[in-house]
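Heads up: the structure comes next, in structure tokens.
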Amino acid sequence: MTFLNGLLAFGAFASIVPLAIHLLFRSRYRTVDWGAMHLLDSVVRINRRRIQWMNLLLLLLRCLLPILLAFCLARPVLTGFQSLPGTAPRSIVILVDDSRSMQAKMPDGQPRFDFVKRRLTSWLDDLSRTDELALIRASDVEGPVGWMGANDAAALIHQMRADSGPVELGDLLRRGVQASQQASHAEREILFVSDFQSHLLDDAAIQSFDTVGEGWGRDSVRPLIHFLNLGVQSDQMSNVSVDEIESESPAVVAGRTAKFSARIRNASDVMVQDLRVIWSIDGTPFPARTITIAPRSSATVQMSGKLADVGVHSISVAVEHADSLPGDNRRWIGVDVIRQVNVLMVDGSPSRQPLKGEVDFLAVALSPFAFGGQDQPDAVRTSICNAASLEQRLDKEVPDVVVMANVRAINDRQRDRLAGFVNGGGAIVIFDGDLVVPATYNQPWGQGDEAWQLPARMGDVVVAAQVKDSDQRFVINQINRLYSPWSIIQDDASTHSMSASGASGIGGIEVTQYRKLVLPNEPPSSDSGSDSVNAASSLMSFVSGDPVVVSAPRGRGRVVQIAITSDSDWSNFPTRLVYLPMLQQLILDLAGSRMQTTIDVGTPINVPVSELVATLSAKNRDAFGLGPGTNPRFDDGKSAAVTIEKPDGKQQLVSIAGDTSSWATLGIADVPGVYRIRLKIDGAAGSRVAPVPESNSPKSDKTPSTDRPSNEPEPMSSASSTIRVAQVASIESQLRDADPSRLTRAAEAVDASVYQDLDSMKSADHTRRFGREIWRWLLLALLVAMIGELFLQQRSPTISHHASSNAPQSGAWGSAS
């Protein structure tokens, strides 16, 4: 125990005053002889003992009063057997969950994040000037950590906003522990501020907490960890959110009708009626429509229309509703509108006879209007080459999709070239056939870290005559229902008869032989993000379970393997009505998914340089010597500037360098909304760029009129631009508090304390640093002692009276004193 005001404890010596008075002024008795005193000997002995004990108790109480009073003024503190840090300087790491769920409004109407910012600012005011702080946001876990004073930390907290996506709690705590190990003070603390939503504390998060708790080094100073949990009564909050917008068209082609759908969720227990829903394209709203959503359910709203301009456009859906989380009442997606899908088909067995070549059926299916002599434009433009001229064709143009049909073998040079095409965002479709040599396909494609294998290993050819009960083993009856481009035929997926429905669906397909495609044996590991992302999936399969179509992402592109031929040698698939829509939807999907225009908040903004160059107007391109058939390549040591206008109106300037085949990383999307990106090239024509053959990049049809000389570049304000859209994951709109047992389990893993408000945390921290004050209990004891002293004081005359009337005697007659 120690004292906060130690000098006042010396007041306890005042207890000798009542002791001295008692000893110096105690009563002096006179002996009086009385003959009958011997009759009262027993009574005298009892009363004398009672009087002595009563006087002794009164003396103790009077001595105790100044002692208790002195101790109360000295403010004693219980410390146990440990040394307390007291006012020792501290290093405090503040971990802040700035995800969207922190915007949820509390019962008093203020957002959680505004509340915590005010309370943290107030808490920082109570810290010592010698304390140092580090602030780490969940949206920038891997960013640099700097130590600062309380005033600087308060200023940064005031600027924070809750717009990021889901938080990896284990990674955030791990980063905080790493920062605390770099602190300069021995006294170290971590304050973890979050609403600890249910989706944040899954099994993987608990395991990450266990990993952090088990990773303390022997020589490392273990920080004290506090969890400040703001997630209270989230389940009772009413919220309407736009959870998803998706394009129902695999690729959006300029001038052709595209369909979009949005899923709107009502998370409250009350039906939402007459909810106004507003679609917008590039900020231009459409007429509002109203819907009704039942409690705890979702509704789908659709829109269809034509987009005439080539380029990236933003499509948004907004709902007008006052709820607990206004930030999720609007959602955007980016849509890449293309003029046509360019498909290069490699014919492994060309033929001059109609429909005898390997790609003849495919060419008709992908460009039906061109072969029918109609004026209506096709969404797909096809061109054909043989395997020997593949590299030459790729030098001249960069297609969206390369289709290889029964190509006998590919050499190392072709594999590397096609691997680079896929890694750059292209797509390859491989049809099988009797000429295919599997050994040349099963080898690694590409070199170095960017090398990859096909989604499935090519095995032997399975022929109907070699298989017992072949009629059942060669039936195609399973389509991956998660693959939305084939939703138009999913209704026929369970039909195997030759009915009218089956004849137009997959039930009418007869396969006589196919290539055995062997998927990887082991499922992707949950611990490896890259494995799960690159995992192959079967899009269509036989009754036996053997896959017919396998797809997997590779690099920035995608690879599709088909176990049958593109012609009618191995099946009647090309002659069925389902052949055209299935192949068209597959190709459009591969071309449409080539560019990622919608990204998650907190991820990098990656844009191909060719797309940035394509945003230049025709006059700007001519002024820089970039003719219609060229795109620029930046000279060595040269660069161009890119301006990024963020959703909040702030602008950022980024410098890039490279050629049209490279990708530019333009920073991090830190807030949701539309990012407008514009290329800015300064200097004389040709000073920064040199022409190279043009790639097949989207071009803008916008050519503003101007009175400037023809050789003068237009200002960049008049040039078109491209965009990217950043969004927060819809799971942030699902407001559900974590199970208290799971939160306790996570806290125990890292030996943390859980608090629901800063006041209780401050009180516990004060006790830890300075001990527990007990002056209140001593004051109560003082009051009790004073009352006891008054009680005994009142009984003293009665005791004296009885003692006098029963005075003892001595000798034969006795004596009284």
Where a ≥ b ≥ c are root eigenvalues of the Cα gyration tensor, a/c under 1.5 meaning rounded, otherwise prolate if a/b exceeds b/c and oblate otherwise, the stretch 114-207 counts as oblate
Output ordering of 247-259, 445-457 (per-residue mean of other Cβ within 10 Å, highest first) is 247-259, 445-457
By Cβ neighbour count within 10 Å, fewest first, 540, 786 rank 786, 540
Taking a label point 7 Å from the Cα of residue 118 along Cα-to-Cβ, the residues of the stretch 185-229 whose backbone nitrogen sits under 20 Å from it are 193-195, 228-229
Per the charge dipole of the stretch 238-337 (beta-carbon charges, Lys/Arg positive, Asp/Glu negative, Cα centre), the residue among 238, 298, 250 reaching farthest to the positive end is 250
In vacuo Debye sum over C-alpha of the stretch 238-368, base-10 log of normalised intensity I(q)/I(0) at q = 0.10, 0.13, 0.15, 0.17 Å⁻¹, listed in q order, is -0.47, -0.64, -0.75, -0.87
Interchain or sequence-distant (5+) residues whose placed amide H lies within less than 5 Å of the amide H of residue 403 are 344, 345, 346, 429
Scalar couplings 3J(HN,Hα) for the stretch 98-108 by Karplus 6.51 cos²θ - 1.76 cosθ + 1.60 (θ = phi - 60°), nearest whole Hz, x for Gly and Pro, are 10, 6, 4, 4, 6, 7, 4, 7, 7, x, 7
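To the nearest 0.05, what FRET efficiency results for residue 50 and residue 222 with a Förster distance of 60 Å applied to their C-beta separation? Show your work: numbers first, answer last.
Values: r = 61 Å, r/R0 = 1.02.
The computed FRET efficiency comes out at 0.45.
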Fewest-first ordering of 293, 21 by Cβ atoms within 10 Å yields 21, 293
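Rounded if a/c is under 1.5, else prolate if a/b beats b/c, else oblate: with a ≥ b ≥ c from the C-alpha gyration tensor eigenvalues square-rooted, which is the stretch 535-590?
On the way: a/c = 2.19, a/b = 1.35, b/c = 1.62.
Oblate.
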For the table 259/680; 646/762; 650/680; 117/680, the rows whose alpha-carbon distance is greater than 29 Å are 259/680; 646/762; 117/680
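Please give the length that would be gained between residue 21 and residue 794 if that part of the chain were fully extended, namely 0.36 nm times their separation in residues minus their C-alpha to C-alpha distance (nm, one decimal). Please list the in-between numbers first.
Numbers: separation 773, 0.36 × 773 = 278.28 nm, distance 1.85 nm.
Gain on stretching residue 21 to residue 794: 276.4 nm.
What trypsin sites (Lys or Arg not before Pro) in the stretch 157-224 are in a loop by DSSP, with at most 14 other Cβ atoms within 10 Å of the Cβ?
Listed in order of number, the matching sites are 218.
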Going residue by residue through the stretch 194-203, the Karplus relation 6.51 cos²θ - 1.76 cosθ + 1.60 with θ = phi - 60° gives ³J(HN,Hα) values, rounded to whole Hz and with x marking Gly or Pro, of 7, 8, 6, 5, 4, 6, 7, 10, 7, 4
With 0.36 nm assigned to each residue of separation and the Cα-Cα distance removed, residue 391 to residue 412 gains 6.4 nm
Residues meeting the amide H criterion for residue 664 (H placed from the backbone, H to H distance under 5 Å, 5 or more places apart or on another chain) are 607, 609
Amide H contacts under 5 Å for residue 255, restricted to residues at least 5 apart in sequence or on another chain and with H modeled in the peptide plane, are 307, 308
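Gain in length, residue 572 to residue 516, computed as 0.36 nm per residue apart minus the alpha-carbon separation, to one decimal in nm? Kindly include the intermediate steps, with their values, before the conclusion.
Numbers: separation 56, 0.36 × 56 = 20.16 nm, distance 1.84 nm.
This chain segment gains 18.3 nm when fully extended.
Values in this text are rule-based calculations from the coordinates and carry no lab data. Here the structure is a predicted model, which means the values were calculated and not measured. Don't worry about glycine lacking a Cβ; one is built from the backbone with ideal geometry, like all the others, and counts go over all protein chains shown.
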